[in-house]
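J.: Please find one structure pasted underneath; my questions will follow.
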Amino acid sequence: MKRALVTGGSGGIGTAVCRRLAADGSHVFVHAHRNGDAAEALVAAITATGGSAAAVVFDVTDAEATGAALAAMLAGGPIQIVVNNAGIHDDAVFPAMRALQWQSVIEVSLNGFFNVTQPLLLPMLRTRWGRIVTVSSVAAITGNRGQVNYAAAKGALHAATKSLALEVASRGVTVNAVAPGIIATGMSDAAFDKEAIERLVPVKRAGKPDEVAALIGFLCSDQAAYITGQIISINGGII
């Protein structure tokens, strides 16, 4: 049984990804930062349907705490699937953006990627099989007003994805990013009403977390062994 870590696993997309990976046969570590109760509830739901999962709680921006949590997980064996889904947004037009708004978004998305992925990489490489998938955003591709910080963090992850993919491709490890558009989660529901979605999205609806999870599940499977270094959009036709 492969072992998977999903950061931000208690959120809308994260929950769907955890369920998908568990259904596909992985033991899933459901990560949360502040919402440990939701992670525990998800673990209970997964195990109740025959899956294997455990909750882990730590702050991905705290390198020491993250390292300690990862060391405890690695004591049970390598983690071969990593889904970097943890992220926040703190929107403001750039002239009014505070330094903390810039730094906090970068800390979670970009530095969190390093703090989580780098310590797990050597044990993964030794198995000669691994999947690293980072959840990005359409904002990193098209840009978005009021999200210079968010787009910058996610855009940096695109570049990191392409470079890391080159480093590990010969060892059976793939590295990809998935860039969702408007997905029906609590975060997007507060930002986009029905009229806005119909105006912005050619298919005239928000995406479903399960649709994003299906894509990530495929990228984490044996069938996707020849896909690496890619930024794959899932956005209902937004160009």
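J.: Kindly write out, for region 79-84 in residue order, the coupling ³J(HN,Hα) from the Karplus curve 6.51 cos²θ - 1.76 cosθ + 1.60 (θ = phi - 60°), rounded to whole Hz, with x marking Gly and Pro.
T.: Ordered by residue, 3J(HN,Hα) equals 9, 9, 10, 10, 10, 7 Hz.
J.: Neighbour counts of other C-beta atoms within 10 Å: give me 124, 97 arranged from fewest to most.
T.: Working: 124 24, 97 17.
Exposure proxy ranking, most exposed first: 97, 124.
J.: Ok, one more. Which whole-percent values make up P(r) of region 127-181 when all C-alpha to C-alpha distances are grouped in 5 Å steps starting at zero?
T.: Cα pair-distance distribution for region 127-181, in percent: 5, 21, 26, 18, 13, 9, 5, 3, 0.
J.: What does the net charge come to around residue 173 if you take all other residues with beta carbon closer than 12 Å to its beta carbon, with K and R at +1 and D and E at -1?
T.: +3
J.: Could you compute the longest span of the chain free of trypsin sites (Lys or Arg not before Pro) located in DSSP loops and having at most 16 other Cβ atoms within 10 Å, not counting the site residues? Intermediate results must be reported in sequence, preceding the final value.
T.: Numbers: sites that count: 34, 98, 128, 145, 204, 205.
That gives 35-97 as the longest site-free run.
J.: Can you give the Kirkwood hydrodynamic radius for region 126-239, in Å, rounded to one decimal and based on Cα pairs?
T.: In region 126-239 this quantity evaluates to 14.9 Å.
J.: What would the Debye formula give as log10 I(q)/I(0) at q = 0.07, 0.09, 0.10, 0.13 Å⁻¹ for the alpha-carbon point model of the chain, no solvent?
T.: At q = 0.07, 0.09, 0.10, 0.13 Å⁻¹ the computed log10 ratios are -0.21, -0.35, -0.43, -0.75.
J.: Could you bin all the Cα-Cα distances of region 49-97 into 10 Å bins starting at 0 and give me the percent of pairs in each, rounded to whole numbers?
T.: 17, 40, 23, 13, 6, 0
J.: Over the residues of region 163-219, compute the C-alpha Rg and express it relative to 2.2 N^0.38 Å. Present the calculation step by step, with values, prior to reporting the outcome.
T.: Numbers: Rg = 15.5 Å, N = 57, 2.2 N^0.38 = 10.2 Å.
Compactness ratio reported: 1.52.
J.: In region 160-231, which chymotrypsin sites (Phe, Trp or Tyr not before Pro) are in a loop and have at most 14 other Cβ atoms within 10 Å, using DSSP for the loop call? List each step's numbers first, then the result.
T.: Details: sites: 192, 218, 226; in loops: 192, 226.
For chymotrypsin sites (Phe, Trp or Tyr not before Pro) across region 160-231 that sit outside H, G, I, E and B with at most 14 neighbouring Cβ atoms in 10 Å, the list reads 226.
J.: Please work out how many pairs of lysine residues in the chain are eight or more positions apart (or on different chains) and have Cα atoms closer than 27 angstrom.
T.: Step by step, the pairs that qualify in the chain add up to 9.
J.: Then there's this: Any chance you could tell me what percent of the C-alpha pair distances in region 37-178 go past 21 Å? Please report the intermediate quantities before stating the final value.
T.: On the way: 5029 of 10011 pairs.
Distances greater than 21 Å cover 50 percent of the Cα pairs.
Each reported figure results from applying straightforward, stated rules to the coordinates on display, with no laboratory input. These numbers were taken from a predicted model, which means no experiment stands behind them. Neighbour counts are summed over all protein chains in view; Cβ atoms, including those assigned to glycine, are modelled from backbone coordinates with ideal geometry.
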